[in-house]
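Trainee: Please find one structure pasted underneath; my questions will follow.
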């Protein structure tokens, strides 16, 4: 109530309309999701589609319950989650550090930037056999694949953010005698914060792509393993269940990044 006293009635009305729109958007999202699931379920039950091929929400629920009952659900989810988070954090930290080095040294940037562009365009799946030889057939190979996919994206995104710093502000700090480290810490890094958040959002998807791709190549457990195994033995309910779990985990990870973004913007 005390805070509302600081706003005019018109501003309070505007804030209320913004809140109502946000609520309406969230309701619409869940309504559309519920409608799609309902249509999917009814289509399978009335044989409008072949449930053996497309599965259904109820069959997916039963399959997930079976995985939970036999004690393998959290084992497979935990395996993929560990591989994904490890690769994600390594790619973000190393990518950020390399981007800083590229910004710091113009010569290093001009020499190495074309190589990063070529590596980014290279289909990482082509390196699968080499990764197995280098890292073996364990989780290390999957983490390496995850890092490989996310690293170049992190480097290029952060480098673009660093290079997009306002030239007028750079000139102002230089004219005031600021050192390069002061320019970096006081201007370049703070101004690149939106790019950092954007890079995190992009790398969430890249990390999941990398871990699942790695599990396609070599794995004995994980969500990617369930998808491959289910496809091989024609257990398509298992495949769809694994895809559903993957969607939930990826959405949760993205939501965490979005929450961090809101907290950063709020405290900025």
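Where a number appears in this text, it was derived from the coordinates with a stated rule and is not lab data. Source: prediction; values computed, not measured. Don't worry about glycine lacking a Cβ; one is built from the backbone with ideal geometry, like all the others, and counts go over all protein chains shown.
Trainee: Compute the acute angle (0 to 90°) between the alpha-carbon long axis of helix 57-69 and the principal axis of greatest extent of the alpha-carbon atoms of the chain; round to the nearest 10°.
Mentor: 90 degrees
Trainee: Okay, next question. Go from 0 up to the bin containing the longest alpha carbon distance in the chain, width 5 Å each, and give me the % of pairs per bin.
Mentor: Percent of Cα pairs in each bin: 1, 5, 9, 11, 12, 12, 12, 11, 9, 7, 5, 3, 1, 0, 0, 0.
Trainee: By how many degrees, between 0 and 90 and to the nearest 10, does the Cα long axis of helix 106-121 differ from the longest principal axis of the chain?
Mentor: Long axis of 106-121 versus the principal axis of the chain: about 20 degrees.
Trainee: Taking Cα atoms, how many degrees apart are the long axis of helix 139-163 and the longest axis of the chain, rounded to 10 and kept between 0 and 90?
Mentor: 30 degrees
Trainee: Something else about it: Quick check: pseudo-label points 7 Å beyond the Cα along Cα→Cβ at residue 183 and residue 201, how many nm apart are they?
Mentor: 3.0 nm
Trainee: Now a separate question. With springs only between Cα atoms under 10 Å apart, run a GNM on the chain and tell me which of 91, 207, 31 wobbles the most.
Mentor: 31
Trainee: Can you tell me the Rg and Dmax of region 4-49, counting just the alpha carbons, in angstroms?
Mentor: Both quantities, over Cα of region 4-49: 19.2, 60 Å.
Trainee: Separation between the residue 252 and residue 23 pseudo-spin-labels, each 7 Å from Cα along Cα→Cβ, expressed in nm?
Mentor: 2.8 nm
Trainee: For the pair residue 113/residue 220, report the inter-label distance in nm, with labels modelled 7 Å from Cα in the Cβ direction.
Mentor: 4.6 nm
Trainee: Then there is this: For the residues 127, 259, what sequence is obtained by ranking on other C-beta atoms within 10 Å, fewest first?
Mentor: Going from least to most buried by this count: 259, 127.
Trainee: Hey, what did region 213-255 get for relative contact order, percent, Cα under 8 Å, at least 6 apart?
Mentor: Relative contact order for region 213-255 comes out at 28 percent.
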